[in-house]
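Structure, as structure tokens:
The values are calculated or read from the model by the stated rules, or taken from the named source; none is laboratory data. Since the structure is predicted, the reported quantities are computational estimates derived from the model, not experimental observations. Positions of Cβ are backbone-derived with ideal geometry, glycine not excepted, and every protein chain shown enters the neighbour counts. Note: areas computed on protein heavy atoms with side chains; ligands, DNA, RNA excluded. Shrake-Rupley method; radii C 1.70, N 1.55, O 1.52, S 1.80 Å.
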Amino acid sequence: MDLVEEIIKLKEEKNAIILAHNYQLPEIQDIADFIGDSLELARKAVNVDADIILFAGVDFMAETAKILNPDKKVLLPTKKATCAMANMLKVEHILEAKKKYPDAPVVLYVNTTAECKAYADVTVTSANAAKIVSKLDADTIIFGPDNNLAYYVAKRTNKRIIPIPEGGHCYVHKKFTLEDVERARKLYPNAKLIVHPECNPEIQEKADLIASTGGMVKNACLHNEWVVFTEKEMVYRLQKLYPNKKFYPANEDAFCIGMKAITLKHIYESLRDEKYEIEVPKDIAKRARKAIERMLELS
Ligand code: 13P
Ligand code: SF4
């Protein structure tokens with residue numbers, strides 16, 4: 001059986017669309033209807049004219065699509081597609097911080113559960129976090145769960161950022177070290193370093209450019225050679241878009257288990273059996289939607 005052919009057939013039969021994150025396996029990027037970063041995917045989810053949205057990404061992204069499209073069927077091809085960082089933040093962390101800083105707005109990265117988003121004043125992605133935080137009418141901001149993105153935002157705004165939870169991080173981006181920076185500079189002296197803001201502060205400080213994955217796609221036109229400090233599949237995405245430029249992964253071990261849990265076979269079975277359907281309890285979805293819509297308005 002040719003899985004790609006079967007997937008295309010099922011998509012047509014069921015009026016389904018495949019939205020994929022930039023970190024998906026090459027063969028999944030190749031069959032997707034739309035590929036993007038988390039902000040672009042959230043935006044796309046608002047305007048989708050399909051009965052089924054199959055989300056090739058991690059669970060919080062599919063939840064965001066469902067919250068924005070309560071009447072559509074949103075499918076996640078495997079329950080293993082989850083974000084370790086999103087799972088670090090619990091509602092109790094938010095409530096504790098709120099007790100200490102009652103006037104501070106709660107700004108949450110979209111990499112959070114729907115339940116946590118229900119407690120947010122606004123959500124952000126790495127593409128718009130600094131812009132949105134600077135627009136808020138408050139000097140102190142509760143920000144979670146990525147401590148490195150909190151550092152990035154603090155440096156670019158005049159606000160006091162309170163990161164929650166303590167040590168919130170992405171294990172994929174934590175893998176990059178100063179040795180990776182040194183090796184990149186030695187091996188590719190003409191290349192610029194493009195770095196995701198989930199990387200540690202010392203790596204951010206060495207970057208030629210810091211960007212979300214969507215920002216990487218947009219800015220890669222500015223130079224001919226790049227060393228890429230984010231999940232390894234980003235290199236495939238960039239190389240396909242810019243065949244005449246050179247892209248090198250800064251560290252081949254930067255591999256997101258949740259993103260890579262999805263295979264073509266999962267996508268085929270997911271469309272065939274219409275599983276696993278994302279459900280978000282109505283009261284949580286209503287509150288989370290406000291925070292996500294505020295982000296879309298402000299960015
Ligand atoms: P982007 O919004 O930059 O795609 O980031 C999402 C993510 O999970 C990065 O690890
Ligand atoms: Fe989550 Fe990190 Fe994977 Fe992004 S790369 S989905 S932040 S675990």
Q) Once amide H atoms are built 1.01 Å from N in the peptide plane, which residues 5 or more positions from F34, or in another chain, come under 5 Å H to H? A) I18, A20
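Share of antiparallel DSSP beta bridges in the chain, in percent to the nearest 5?
Numbers: 1 of 32 bridges.
Of those bridges, close to 5 percent are antiparallel.
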Q) What number, rounded to the nearest 500 deg cm²/dmol, is the helix-based mean residue ellipticity at 222 nm of the chain, given -39500 (n - 2.57) per DSSP H run of at least four residues and division by all its residues? A) -12000 deg cm²/dmol
(Q) Skipping prolines and chain starts, which residues have an amide H placed within reach, meaning under 5 Å, of the one on K192, given they are 5 or more residues away or on another chain? (A) E225, W226, V227
Q) Under the classification rounded if a/c is under 1.5, otherwise prolate if a/b is larger than b/c and oblate if not, where does the range 7-81 fall, given a ≥ b ≥ c as square roots of the Cα gyration tensor eigenvalues? A) rounded
Q. Taking 0.36 nm per residue of separation and subtracting the Cα-Cα distance, what length does fully extending R272 through V46 add?
A. 79.0 nm
Q. Once you put a point 7 Å from the Cα of K135 and another 7 Å from the Cα of I257, both along the Cβ direction, what distance in nm separates them?
A. 3.7 nm
(Q) Test of understanding: what is the full-extension gain from E202 to E92, defined as 0.36 nm times their sequence separation minus their Cα-Cα distance? (A) 36.6 nm
Q: Starting from the Cα-Cα distance between K290 and E225, subtract it from 0.36 nm times their residue separation and give me the gain in nm to one decimal.
A: 19.3 nm
Q. Roughly how many Å² is the accessible area per residue of the chain, as a whole number, for a 1.4 Å probe?
A. 45 Å²
Q.
Check which residues have an amide H placed less than 5 Å from K73's amide H, if you skip close sequence neighbours.
A. I53
Q. How about the range 170-254: which GluC sites (Glu not before Pro) there are in a DSSP loop, with at most 10 other Cβ atoms within 10 Å of their Cβ?
A. E252
